[in-house]
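The values are calculated or read from the model by the stated rules, or taken from the named source; none is laboratory data. This is a predicted model, so every value here is computed, not measured. Counting neighbours? That spans all protein chains shown, and the Cβs are built from the backbone with ideal geometry, glycine included.
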Amino acid sequence: MGRRVLITGVSGYWGSELARRLERLPEIEYVAGLDVRPPAGDLRRTEFIRADIRNPLVSKLIPATEVDTVVHCDILLAPEPGKGRRQLHDINVIGSLQLLAACERADSVETIIVRGSAAIYGAEPSGPEFFREEMARHFPLRTRFQRDVGELESYFENYARRHVDVTAMMLRYQPSLSATLESPLTRYLRQPVVPVRMGFDPLLQFVHGDDAVAALEAAVRRPVQGAVNVAGPGSIALSRLLRLAGRIPVPVPGPLFGATLGAAAQLGFPRLPPEAVPWLRNGVTIDVTRLIEEVGFTPRTTLETVREFVTHLDGRSGRGPSDDVVTVAVA
Amino acid sequence: MADRGETQRERARRLRVAGDTDAPARERPRPDYMEPAIEIETPEPEAVEIEVAPAEPELEPGLEQEPELEPEPAPEPPRRRPRIPPPPPPRRRRRMRNPVGFAPALGGGIARGLDLPAALDAAAVLLPGPGRETAERIAGRLRGDYDQDEWGYDEELVKLVRPFFEFMYERWWRVDAVGVERVPAVGPTMIVANHAGVLPWDATMMNVAIVMHHPQPRQPRFMVLDWAFRLPWVSSFMRRVGGVVASPYNAIRLLDQGHLVMVFPEGAKGAGKPFSARYRLQRFGRGGFVEIALRTGASIVPVAVVGSEEIYPKLGESRLLARLLGAPYFPITPTFPALGALGAVPLPSKWRIEFCPPIDLSGYGPQAAEDRTVVFELSEQVRDTIQQALLDNLVKRGSAFI
């Protein structure tokens, strides 16, 4: 008997890409997708369930699908146009609570996979490099999104403790980067001039957009208990990233940095989430041994990811005409 | 022992396979039983590449081959000199190597819409040999064309700043280094040293001693108080020259990768102690460094640094200023802060560094890290070794400043 998988947030980028990949796997018998709006048309055998994950109704819908694996992709890592900060919190926290409540009712569920975030580690000057999974919460969770992620993780930990027969897997993602991906980060890197914090050169880490989805697929195929870091091995300094991208860094003195980002956002510069301020100062790197050895998936290195992103950045390096940037930011 | 060699070799291999991190080992003669060290660096005059030599009118034809030139949409000046120069038209050569024309060409390139690296590359052809290489290197760096390992360590930059530290080592402090060859050439190794002198000059001098005098030198990585990573410029510089945040996790990862790691168990207590307490070791924390060495199978090399205590004789400190700056301490020395930035120039004391014989911990096994008695015993043993070596070398050094 094949596996039956439910994907939440199937109309978002991550959910639909994952559904597309799972449809191709012969061992997956059934794919269901849950979202408030229908996914793009090219999904062939995914059954679309129109429901809001924040609605208690999902605890009636999910048991009916008789799925054995639930992949929770309906987690927003950054505010999107049309989805404000409040909604972000609602979707991330309340949505996850509803989902877990629904899974309690569904006896068929054996595996829950969550697309979480490495923001739980925090970007601190005293933080070590290459956090391993057991090193979460060494530092206080400072921003709202970090606290959301922390709350989310504790719900799943609690759930895992009460249901020892269920594999609860928390994927902790570093920011993704790829030519086709739209995010505040890629918009930031597409600007011809990029504000950076004066005197700081954080070590950053990215995961290739395709690898980020492939890691979800690998997790569905070989789920493991607990948290797993997802990132491209290695790291890259922000200064080197900007040089490779041919971007001109504009150093902003530390105390003014947050305010400058805010002011720039008023003038049409892409708005970065509040986590970006410490992130662009201290950086975060995580260790991906567990992903490679236990899940059996090796993503592209951070440097390869960056090099690929850079070659597709705008077809040329340096001061190219930046009119396409505007359309991208609006889109 | 053979067993241990095997694991070290295994580590070195793993690290080399890990690939993107370290610079490729350079071939050089070594004892046949040893694997190539992971980051052998030859202290050869590569750093000279920054020196811009005066314009030489003639170059020997043997110097023709340059590092590969980028086929940029180049401006008018032809990029390659004629390969077989039958009596070279001297006029033409002079026109090509025209350092005076460099700046206008650079400006022109930028005005034509090239970005800075491309313009620099294009204008570089006007410079004579060494200057041209430098300009091309700078263009390469501006393009991001250099290596940094996963810790942010930038070997090229390290070579660039090395002459300055070598000057401090040889001329300013006239360092005598004893027993450098005792530092194992491969495998996880922890250098444990006394810490003094407010700024981490002692770490840099040990670094120079190893790179200059070790038969198979490798670049040490050092643990830096996290406060330094809160400071602009300091943080990015530290990281590029091999510093990491002083965290046991970082130390374990570096040692697992087979690196040479410097730790200062006294921490800020050592660096910030008053002049009256000089050459008296402070408490060695909770012996965490021994735990790490036991867990990673690293050998410990105790090191005594004599001379660093006199470079900034700390007479007092200002709690208020320290709190305002968020610093662990704010030193008051005879020259600082009275002379401002000039007061940060260290006094030219005479230094002596002794590398003591390594303590091999492989007999204990990693589970000994849980045993507080063993950890405290070893910690105390290392501390005694360093304290004894400090007093010995203090006598051997003689006068503090001559």
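What the table below lists for this structure:
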quantity: Answer residue from segment A:128-139, given it is assigned to a loop (DSSP other than H, G, I, E, B) and closer than 15 Å to A:Arg172 by Cα and is nearest to the other protein chains (Cβ to nearest Cβ) among those; calculated: A:Phe130
quantity: Filter pass, A:Pro125 being within 14 Å of chain B (Cβ to nearest Cβ) and either touching a Ser or Thr at 6+ places or on another chain (Cβ under 6 Å) or assigned to a loop (DSSP other than H, G, I, E, B) (or both); calculated: yes
quantity: Pair list, Cβ < 7 Å and 6+ apart or interchain, from segment B:225-244 residues that are at the interface with chain A (Cβ under 7 Å from one of its Cβ atoms) and among the basic types (Lys, Arg) to residues that are assigned to a loop (DSSP other than H, G, I, E, B) and surrounded by fewer than 20 Cβ atoms within 10 Å (Cβ to Cβ); calculated: B:Arg230/A:Pro125; B:Arg230/B:Gly326
quantity: Pair list, Cβ under 7 Å, 6 or more apart: segment A:15-26 residue on the phi > 0 side of the Ramachandran plot, other residue hydrophobic (A, V, I, L, M, F, W, C) and at pLDDT below 95; calculated: none
quantity: Which listed residue is within 14 Å of chain B (Cβ to nearest Cβ), surrounded by 17 or more Cβ atoms within 10 Å (Cβ to Cβ) and either in a helix (DSSP H, G or I) or of a type in the set (A, V, I, L, M) (or both), from A:Leu244, A:Leu216, A:Leu261; calculated: A:Leu244
quantity: Residue check for A:Glu129: of a type in the set (Asp, Glu), touching a residue at least 24 places away in the same chain (Cβ under 8 Å) and on the phi > 0 side of the Ramachandran plot; calculated: no
quantity: Counted residues, segment A:174-209 - those being more than 14 Å from chain B (Cβ to nearest Cβ) and at pLDDT below 95; calculated: 18
quantity: Residue under evaluation B:Ala203, criteria (1) more than 14 Å from chain A (Cβ to nearest Cβ); (2) within 26 Å of B:Pro366 (Cβ to Cβ), criterion not met; calculated: (2)
quantity: Filter result for B:His214 (closer than 22 Å to B:Pro184 by Cα and either small (Gly, Ala, Ser) or within 14 Å of another protein chain (Cβ to nearest Cβ) (or both)); calculated: no
quantity: Conditions (1) within 18 Å of the chain's Cα centre (by Cα); (2) more than 25 Å from B:Thr333 (Cβ to Cβ); number of the one not met by B:Arg286; calculated: (1)
quantity: Residue match in segment B:138-145 (condition: over 14 Å from B:Arg239 (Cβ atoms) and acidic (Asp, Glu)); calculated: yes
quantity: Qualifying residue in segment B:164-181 (condition: among the β-branched types (Val, Ile, Thr) and in contact with a Leu (Cβ under 9 Å, 6 or more places away or on another chain)); calculated: no
quantity: Segments classed as strands (runs of 3 or more DSSP E), wholly inside segment A:1-110, with at least 3 members that are closer than 20 Å to A:Asn158 by Cα; calculated: A:69-72
quantity: For B:Phe401: the one exception among (1) among the hydrophobic types (A, V, I, L, M, F, W, C); (2) assigned to a loop (DSSP other than H, G, I, E, B); (3) surrounded by 14 or more Cβ atoms within 10 Å (Cβ to Cβ); calculated: (3)
quantity: B:Lys269 vs. criteria over 17 Å from B:Ala209 (Cβ atoms) and assigned by TED's automatic domain parsing to the domain that holds B:Val186; calculated: yes
quantity: B:Leu394 touching a strand residue (DSSP E or B) at 6+ places or on another chain (Cβ under 9 Å), part of a helix (DSSP H, G or I) and surrounded by 13 or more Cβ atoms within 10 Å (Cβ to Cβ); calculated: yes
quantity: Lone unmet requirement of (1) crowded, with 17+ Cβ neighbours inside 10 Å; (2) within 28 Å of A:Leu272 (Cα to Cα); (3) at pLDDT 90 or above for A:Ile75; calculated: (3)
quantity: Filtered residue count, segment A:122-143, keeping only those that are at pLDDT below 95 and aromatic (Phe, Trp, Tyr); calculated: 1
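Results for (1) under 28 Å from B:Ser349 (Cβ atoms); (2) in the same structural domain as B:Gly107 (by TED's automatic domain parsing), shown as yes or no for each residue.
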| residue | (1), (2) |
| --- | --- |
| B:Asp121 | no, yes |
| B:Pro130 | no, yes |
| B:Thr134 | no, yes |
| B:Lys159 | yes, no |
| B:Phe167 | yes, no |
| B:Asp176 | yes, no |
| B:Val186 | no, no |
| B:Pro217 | yes, no |
| B:Ala228 | yes, no |
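Quick grid of which residues meet (1) farther than 25 Å from A:Ile113 by Cα; (2) surrounded by fewer than 20 Cβ atoms within 10 Å (Cβ to Cβ):
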{"site": "A:Pro175", "(1), (2)": "no, no"}
{"site": "A:Leu181", "(1), (2)": "no, yes"}
{"site": "A:Pro192", "(1), (2)": "yes, yes"}
{"site": "A:Arg197", "(1), (2)": "yes, no"}
{"site": "A:Val207", "(1), (2)": "no, no"}
{"site": "A:Asp211", "(1), (2)": "no, no"}
{"site": "A:Ala227", "(1), (2)": "no, no"}
{"site": "A:Arg240", "(1), (2)": "yes, no"}
{"site": "A:Pro253", "(1), (2)": "yes, yes"}
